[in-house]
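Colleague: Below is one structure. I have some questions about it.
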Amino acid sequence: MAPGPMQILIIALVILLLFGASRLSDIGKGLGEGIRNFKKGVSDDSDDGKKGERDKDDKQLSAKELGSEEESPAKSEKKEA
């Protein structure tokens, strides 16, 4: 059985009387900031995962580049000999 509109109104009035208007606005503000920070944290984690994959790819590319640079002087020494 779902609460009707009159029951929801009575519950809201009781909560307003218990906590007061200023306290309710503080609670709402804190709840909104918490949700916002949670969403930001979740999106940052997913971005970090993608960034980690990019960093790994960059490291592999730089290792290949370093490997080719190290081979170049060896090749030039062979050519000179």
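Only the coordinates and a few stated rules stand behind these numbers; no lab work does. Owing to the predicted nature of the structure, the values given are computational and were not obtained by experimental measurement. Neighbour counts are summed over all protein chains in view; Cβ atoms, including those assigned to glycine, are modelled from backbone coordinates with ideal geometry.
Colleague: Hey, what do the phi angles of the stretch 16-24 turn into as Karplus ³J(HN,Hα) couplings, whole Hz, using 6.51/-1.76/1.60 and θ = phi - 60°, x for Gly and Pro?
Modeller: With the stated coefficients, the stretch 16-24 comes to 4, 5, 5, 9, x, 5, 5, 5, 5 Hz.
Colleague: From the backbone phi of the stretch 30-35, what are the Karplus-calculated ³J(HN,Hα) couplings (6.51 cos²θ - 1.76 cosθ + 1.60, θ = phi - 60°) in whole Hz, Gly and Pro given as x?
Modeller: My calculation for the stretch 30-35 gives x, 5, x, 5, x, 5 Hz in order.
Colleague: Starting from the Cα of residue 46, step 7 Å along the direction of its Cβ; do the same at residue 2; then give the gap between the two resulting points in nm.
Modeller: My value for the distance between the label points is 3.0 nm.
Colleague: Fewest Cβ neighbours within 10 Å first, please rank 18, 24 accordingly.
Modeller: Final ranking by Cβ density, sparse to dense: 18, 24.
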